[in-house]
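Take a look at the structure below.
The values are calculated or read from the model by the stated rules, or taken from the named source; none is laboratory data. Treat the numbers as computed from the prediction; the structure is a model and nothing was measured. As a convention, Cβ positions derive from the backbone with ideal geometry for all residues, glycine included, and neighbour counts pool all protein chains shown.
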Amino acid sequence: MSTKKTIKRIGILTGGGDCPGLNAVIRAVTKTAITRYNLEVFGIADGFLGLIENRMRPLKFSDVSNILDQGGTILGTSNKADPARFCVDYAPDGNPIFEDVTDRVVDNIARAQLDVLVCIGGDGTMSAASRVAEHGVPIIGVPKTIDNDLMHTDVTFGFNTAVTIATEAMDRIRTTASSHSRVMLVEMMGRNAGWITLHAGAASGADLILIPEIEFDIDMVCRRCIERSQHGKAYTLVAVSEGAKPKGGQVVVDRVVQESPDPIRLGGVSEVLSYEIAKRTRLECRATILGHVQRGGTPTTYDRTLATLFGYHAVGLMIHDQINHMVVWQNGALGSVPIDQVADKQKLIPPDDALVAACRATGVCFGDEG
Ligand code: F6P
């Protein structure tokens, strides 16, 4: 498939976990493609799974009307369908049997006469898309994830909504923390990146922020809770990432999804910490795990506009032959980077992050010496 050939028909899929703003991107891509460039658009069901199983349908203008503010994805998604390592069966011991089914994906794309494939997803989807691109399929990537951990883009859509939801939860938890004089821990998603926790913690005035990038010392955490209770602050509000871990310790794993390209699901560190702090300090502690609430429902205005910009720019990239690139937002402007520069990488909070410095300066403890 030549990247120079005239584009007539495009496919679009949403991969990985659902995320607020997916429908806004689908809408922007489809409307721009149809009205501005007279292209045909095919929606692929359930991410790469739909390409493996050849499930797709034409998307008309009317199919994407009134979806801008809808959460989830009208196309469906899957975070267990990497074509290069696809679970085709289970062995008698229950372990999955994997096969590389990329050729099947390439055949189905050719049969449907898709000239370009728009892949909206996070690092797992970009990694899978990059490998499909190596087989000659022209790809455009659009960066999605509440985790904000994709390389080369300052922000991904979905992140702002997740931070907004988590901040509101922190504000509400503060009421109970203060009324009952408790240590209240609020656990946030993000896998091994602490972006949601850092931003929601900063925005809600958390007393402690525990993120994967800064390993915490449990003595330090307890000392801060005690100090607060001794200096007239009867309660402590802790924002904790699901990927936070003690110095030299391990993350807390909730489950292993063997079929998934990234099988580890984190969760539960706030409960472990709550128990430990209560035992050591005799303060009353409670943990709340926000979980999938952070991914659900309508996107914020910021995410709706970012998703619209991303979808519009994705079509512009393919028209201007910037194939195998992912849309990015850098220094306040739209841009793009080769998709293979994003694959199999993760953007973590750097040690010199300005918000970490601002939080420290305003008295937030990260559970370390800093
Ligand atoms: O990557 C998005 C994310 O919500 C992570 O923050 C979280 O660790 C993971 O997905 C949860 O995955 P699942 O929906 O499979 O439980």
Problem set entry | Residue list for segment 355-370, filter: surrounded by fewer than 18 Cβ atoms within 10 Å (Cβ to Cβ) and either assigned to a helix (DSSP H, G or I) or assigned by TED's automatic domain parsing to the domain that holds Gly121 (or both) | Leu355, Ala357, Ala358, Arg360, Ala361
Exercise. Exactly one of (1) surrounded by 14 or more Cβ atoms within 10 Å (Cβ to Cβ); (2) assigned to a loop (DSSP other than H, G, I, E, B); (3) not assigned by TED's automatic domain parsing to the domain that holds Thr145 is unmet by Asp352. Its number?
Worked result: (1)
Seminar exercise, completed: Of the listed residues (Ser270, Ser260), the one being within 14 Å of the ligand (Cβ to nearest atom) and part of a loop (DSSP other than H, G, I, E, B) is Ser260
Problem set entry | Filter pass, Asn108 being under 23 Å from Ile339 (Cβ atoms), within 16 Å of the ligand (Cβ to nearest atom) and polar (S, T, N, Q) | no
Seminar exercise, completed: Thr156: passes all of (1) within 15 Å of the ligand (Cβ to nearest atom); (2) over 14 Å from the mean Cα position of the chain (by Cα) but (2)
Exercise. Which residues, taken from segment 65-104, are in contact (Cβ under 8 Å) with a residue 40 or more places away in the chain, in contact with a strand residue (DSSP E or B) (Cβ under 9 Å, 6 or more places away or on another chain) and β-branched (Val, Ile, Thr)?
Worked result: Thr73, Ile74, Thr77, Val101
Exercise. Just wondering, is there one or more residues in segment 316-337 that are in contact with a Lys or Arg (Cβ under 8 Å, 6 or more places away or on another chain) and part of a loop (DSSP other than H, G, I, E, B)?
Worked result: yes
For this session: Would you check which residues across segment 91-136 are over 18 Å from Met326 (Cβ atoms), out of contact with any Gly (no Cβ under 8 Å at 6 or more places or on another chain) and in a helix (DSSP H, G or I) and list them?
Result: Thr102, Asp103, Arg104, Val105, Asp107, Asn108, Ala110, Arg111
For this session: Output the residue which, of all residues in segment 77-95 that are of a type in the set (D, E, K, R) and farther than 12 Å from Leu51 by Cα, is farthest from the ligand (Cβ to nearest atom).
Result: Asp93
For this session: Might you check whether a residue that is among the aliphatic types (A, V, I, L, M), in contact with a Phe, Trp or Tyr (Cβ under 7 Å, 6 or more places away or on another chain) and assigned to a helix (DSSP H, G or I) occurs anywhere in segment 240-252?
Result: no
Problem set entry | All positions within segment 105-131 that are β-branched (Val, Ile, Thr), out of contact with any Ser or Thr (no Cβ under 6 Å at 6 or more places or on another chain) and either crowded, with 21+ Cβ neighbours inside 10 Å or in the same structural domain as Gly190 (by TED's automatic domain parsing) (or both) | Val105, Ile109, Val116, Val118, Thr125
For this session: Hey, can you tell me all the residues within segment 333-358 that are in contact (Cβ under 8 Å) with a residue 60 or more places away in the chain and over 19 Å from the mean Cα position of the chain (by Cα)?
Result: Pro351, Asp353, Leu355, Val356, Ala358
Seminar exercise, completed: Of the listed residues (Arg255, Arg295, Arg304), the one being surrounded by fewer than 19 Cβ atoms within 10 Å (Cβ to Cβ) and of a type in the set (Lys, Arg) is Arg255
Problem set entry | Criterion (in contact (Cβ under 8 Å) with a residue 24 or more places away in the chain, crowded, with 21+ Cβ neighbours inside 10 Å, more than 16 Å from the ligand (Cβ to nearest atom) and closer than 23 Å to Thr30 by Cβ) met by exactly one of Pro138, Pro143 | Pro138
